Structure formats: structure tokens, C-alpha cells
1. Based on the alpha-carbon set only, what is the convex hull volume of the stretch 235-277 divided per residue, in Å³?
2. Measure nothing but the geometry: give the 0 to 90° angle between the long axis through the Cα atoms of 216-225 and the longest principal axis through the Cα atoms of the chain, rounded to 10°.
3. Can you pull the percent of Cα pairs in the stretch 126-204 with separation above 19 Å?
4. Per residue, how much accessible area does the stretch 271-400 show when a 1.4 Å probe rolls over the protein heavy atoms, in square angstrom?
5. Bins of 10 Å, beginning at zero and ending with the bin holding the largest distance: percent of Cα pairs per bin for the stretch 41-122, please.
6. For the stretch 267-339, max minus min Cα coordinate along each principal axis, in Å, sorted largest first?
7. Taking N as the number of residues in the stretch 271-400, what value does Rg over Cα atoms divided by 2.2 N^0.38 Å take?
8. Select from the stretch 244-300 those chymotrypsin sites (Phe, Trp or Tyr not before Pro) which occupy a DSSP coil region and have at most 12 other Cβ atoms within 10 Å, ordered by residue number.
Amino acid sequence: MTRKPRRPRRAPGSSGQRRRKPIPYAHQSIEAADIRAVTAVMRSDWLTTGPKVAAFEEAVAAFVGAPFGVAVSNGTAALHAAVHAAGIGPGDEVIVPAMTFAASANCVLYEGGTPVFADVLPGSLLLDPAQVEAKLTPRTKAVMAVDYAGQPCDYDALRALADRRGVVLIADAAHSLGGEYRGRKVGTLADLTTFSFHPVKHVTTGEGGMVVTNDPTRAERMRQFRNHGISTDARARAERGTWFYEMVDLGYNYRLTDIQCALGLSQMSRLAKSLKRRRAIARRYDEAFAAIPGIEPLAVSPDVVHAYHLYVVRLDPARMGMDRDAAFRLLRERGIGVNVHYIPVHLHPYYRTRMGTGPGMCPVAEAAYERILSLPMFPAMTDADVERVVDEVERMARAQGP
Ligand SMILES: *Cc1c(COP(=O)(O)O)cnc(C)c1O
């Protein structure tokens, strides 16, 4: 066995300024209890399709107040399952906001449907109900709401539109687990709501996802969909002492393991606490940036409880004396792990060449994209980390401002 050579320690004072460990924009929180929960499953009989899957589904569904939860292998699989359960197929259109991760639109293509991009509101960058209305056609089969950054969309407006036109309302709530709109929880605001358990999200299972719904037929359809379209799973067959199964739909292997669900269950027990911490960090940022011209946090509606997956600010280049890319480079150099969420989906080369989308289609999202930066936001940040972010943003604004 060879040992990795240790990186030599830099002699004190050898490089002018001491480099502190960079603060990432997001990071998982793993505690000893999580590791114990995972190792216990590894000693058990069920590594997958076992009791932890149902327990995790019940925990998430109970937290959000939805009757059914269907765990799948990642948030993108959750979107795919939701689009399938909504009955989307070739010729069907699904309205998707331009300001989101590509998966929110890709899942429509998986089922042969057509994503139709709608623009967002300039203050919050959330799907604009008026733009949804403008994009509705007789072929529209669903609207995909994305709770960008963790702020729930205007679900009363979207619900009214969806009901009037008889279309399904799907929520991509990868950012908003624990959010609320007018006293109702994310998970109860749409017909189908999807979550992601990627390490940057509120709760992690390494990779993982879930769809919650109040519709037992759609829940059953998604349970089959994650298991090749087979009508019973291995555990149900083991319980009934039978080998017989039938494939009744075309599905995939989108199962989430018991190992992952044990991690997720353990993480769920800390979700309320970690949401509180995210909101406290956001309050400190809000207060600090209110005093800095050229740094503008996104607008938050008084109707919502924000889940703060991301803390996004818009930079005003005229007042900052530098553009977003320069600010990005400067903050990264200073150890602040800023990021950009997102390149509008319709500007990706795949969509441009395949669907003929491009600049000018969603001007609000396109203009916002040029100016946005996501600042570090995760519950394990210390108060000192938060102050370091505030200080570096202030220093940048002071040095470059007019
Ligand atoms: C993270 C994310 C997804 C995809 O989730 P994965 O678990 O990474 O597949 C989908 N939509 C949005 C908005 C996301 O942020």
C-alpha cells in the first residue's frame, strides 16, 4: 500500500495573505446519528424495497401534510414520474418557467411532450401567472411551477388558471421543502409536488427524490413507474409468498434504497431546525444588504414562508462599477463560493437547436440571468461564516462603487 503524500504546509507568512477555507454556496449536514442509521440498515435484511422506504415516504408526506409520498432515485426521476402520472404524452404542452434547472423541462421531453417556456416575475423570478395565461393553448396539459430559491409561487393564481383550463398543476419543489403559501404547506399546493434529496438540498439521501400527492391513483401509478411498470414490488410478493408479477406499464428502475431512506429519515428529524437556521441567515443577509447600493436581494411575498434553498442577489453593474462575472470572480478569489442559478433553460444549446428557442423569448429571465449571484446558504454555516460573506460583499461594493 502506498500512502498519499501529505501536502506540505505553507510556511507562515510565505504567501502574503493567509488563505482561509472557501465557503461553498451549499453543503450537506451529516451527523453521527445519520451514520448510525445508515450502518444499521446495512446490517439488516433489506437494502432496497424494504421498510425504510415506506417509513421515509411517510415521514416526508406527514411533514408536508400530503396523503401519499413516492420515493424515487433522484429529483429528476421524481419529475419524470410526476409528468408520467399527469398523463403527458406526445402532442401535449407543459408550461415551464425559463428560470429553472434544465430538469424541470427535460422531464416533459422524456414523455414525448413539449415544454413551453413562460417568463418570470422581475422581483421574485417566480413563474408569472400572466405569462402562463398567455402561453395556454388547447394542447396545454400541465403547468410546472418551480419554487425558485425556495419561495413558493403564487399558487392561488396558478390553481385558478389550471382549474379553469382543466390542466394538471405540478410543483417542482426541489428548492422549497418546508415552505408555505398563505398558511398552506408546499406539498399540498399542487396536484403533484416533487422534491430532490441531492446534497445541496434541505434533506439529503446522497441522491434521491420524492413525489407527494393527494391522488391515490396517481400515487399507485408512480409506484409502478419506479419499478419497471410492474404491478407489485418484491416486498409485497415476499409477504404474499408468491413469485407472480405482471408488467402493466412501461416504467424504469427509479427505486431509492433503504440505505438512502434511513439517511433521509434521520435528516428529516432535523429539518425544522435547519429551516430555522436558513431563515436566520437570510434575515442577516437581508439586513446587511439593505444598506449596500447595487446589491438587491430577490423580492419575497408577504404571503409566503420562504424555505431558502438559495439566497440570490441581483447586482446592479451601474452602481457596483462591475458586472456579475467580475463580482463572481472577485468573490470566488476571496473564498466566497458564489454560484449562478440559472442559465435560462431556453438558452441551452440543446433547446435552441431542437426546439428553436433563443434570446428574446423570456426577456425578464434573460435580463435577470445577467445579474444574479447565489451567496452561500446552508444550515451548517457558522455566524462567523455569515459575517465573512457579508464583509466580502461590503468590501467589494465599497471598493468598486461610485
Ligand atoms: C435539484 C433540482 C432538480 C433535480 O434534482 P436531482 O435530485 O438533482 O435530480 C430539479 N429541479 C430543480 C429546480 C432543482 O433544483
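1. Details: hull volume 5.7 nm³, N = 43.
Normalising the Cα hull of the stretch 235-277 by residue number yields 132 Å³.
2. That helix lies at roughly 80 degrees to the long axis.
3. Details: 1012 of 3081 pairs.
Here the tail beyond 19 Å accounts for 33 percent of pairs.
4. On the way: 5850 Å² over 130 residues.
Solvent-accessible surface per residue comes out at 45 Å².
5. 16, 34, 30, 15, 4, 0
6. 44, 29, 16
7. Details: Rg = 16.0 Å, N = 130, 2.2 N^0.38 = 14.0 Å.
Ratio of Cα Rg to 2.2 N^0.38 Å: 1.14.
8. On the way: sites: PHE244, TYR245, TYR252, TYR254, TYR285, PHE289; in loops: PHE244, TYR245, TYR252, TYR254.
Qualifying residues, ordered by number: PHE244.
The values are calculated or read from the model by the stated rules, or taken from the named source; none is laboratory data. Since the model is a prediction, treat every value here as computed from it, not as a measurement. Cβ atoms come from the backbone with ideal geometry, glycine included; neighbour counts cover every protein chain shown. Remember, those area values only see protein heavy atoms, side chains included, never the ligands or the DNA or RNA. Shrake-Rupley method; radii C 1.70, N 1.55, O 1.52, S 1.80 Å.
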